[in-house]
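The structure appears below as structure tokens.
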Amino acid sequence: MILGDQLRFRAIEKEDLPKFVKWLNDPEIKYGLSMVVPLSLAEEENWFENLLKRSSYERPMAIEIQPDPQVDEWIFVGNCGLIQIDWQNRSSEVGIFIGEKGYWNQGFGTNAMRLIIKHGFENLNLHRIWLRVFETNQQAMRSYEKAGFTQEGIFRQAQYLDGKYVDVIIMSMLKSEWQEQ
Ligand SMILES: CC(C)(COP(=O)(O)OP(=O)(O)OC[C@H]1O[C@@H](n2cnc3c(N)ncnc32)[C@H](O)[C@@H]1OP(=O)(O)O)[C@@H](O)C(=O)NCCC(=O)NCCS
């Protein structure tokens, strides 16, 4: 378990898979993740089996939130994780989604991102964490800016989304920038 502020990360369990299938078939959620075909439970089970073959550092983690700090009730809302860690250069991509849309725009996405960054820099001694986001995903970009990411580049028209090409924005954070915050 990795503990944050009204938020914690735990390992993903097989019982979580039906929720992932529900969330990842929701058009509003899929939109930011470039998933264009419907996802089945069998595919998700296959994904889960393959997770166990990955390095434990690169397994996504379940995000649980505690909406009321006075109440010991934790709600599973999504996942986040470090992707293909480059150990030589101490750099990693990061990915996140909050599937429970009723909890969007309440700061949980930003707090989850802050916690995975802290984990990457302070537990894994990474030097750089970066991400990709579609230019059309203003909510995600705003959340990443709040977490401290800086835009560093643009892959022009790199994603075909809803019948048109959109730019893919690259954002990153260095450990030194994290320490200055
Ligand atoms: C991206 C995501 C993780 C953000 O989570 P969240 O809990 O909503 O994030 P936060 O509440 O911390 O921040 C959202 C910010 O975006 C703002 N926002 C919401 N819609 C917006 C829009 N259309 N344009 C601009 N800003 C917007 C909110 O007001 C908030 O900013 P504020 O705190 O300054 O008011 C979540 O929306 C999500 O999982 N989306 C679907 C999957 C996805 O797109 N993942 C990212 C792929 S790169």
Cα convex hull of segment 72-171 - mean projected area over all directions, nm²: 7.5 nm²
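Determine the equivalent ellipsoid of the chain by diagonalising the alpha-carbon gyration tensor, then write out the semi-axes as square roots of 5 times the eigenvalues, largest first, rounded to whole Å. Numbers along the way, then the final one.
Details: eigenvalues 101, 95, 62 Å².
Square roots of five times the eigenvalues give 22, 22, 18 Å.
Tell me the mean residue ellipticity at 222 nm calculated for the chain from its helices only (DSSP H runs of n ≥ 4, each -39500 (n - 2.57), averaged over every residue, nearest 500). If you can, show how the numbers build up before the last one.
Details: 6 runs with 50 residues, N = 181.
Counting only the DSSP helices, I get -7500 deg cm²/dmol.
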³J(HN,Hα) computed for each position of segment 110-121 - Karplus, 6.51 cos²θ - 1.76 cosθ + 1.60, integer Hz, glycine/proline x: 5, 5, 5, 5, 4, 6, 6, 5, 4, 4, x, 7
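For the pairs Lys146/Lys175; Lys118/Lys146; Lys30/Lys164; Lys22/Lys146; Lys14/Lys53; Lys30/Lys101, note any where the Cα-Cα span goes beyond 22 Å.
Values: Lys146/Lys175 16 Å; Lys118/Lys146 14 Å; Lys30/Lys164 16 Å; Lys22/Lys146 28 Å; Lys14/Lys53 15 Å; Lys30/Lys101 12 Å.
As for pairs spanning more than 22 Å Cα to Cα, those are Lys22/Lys146.
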Gaussian network model of the chain, springs between alpha carbon atoms under 10 Å - residue of Gly107, Gly148, Gly99 with greatest fluctuation: Gly107
Packing-based exposure ordering (other Cβ within 10 Å, fewest first) of Thr136, Thr150: Thr150, Thr136
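Each value in this text was obtained by applying a stated rule to the coordinates, not by laboratory testing. The shown structure was predicted, so the numbers you read here are calculated from the model rather than taken from an experiment. Backbone-built Cβ (ideal geometry, glycine too); neighbour counts: all protein chains shown.
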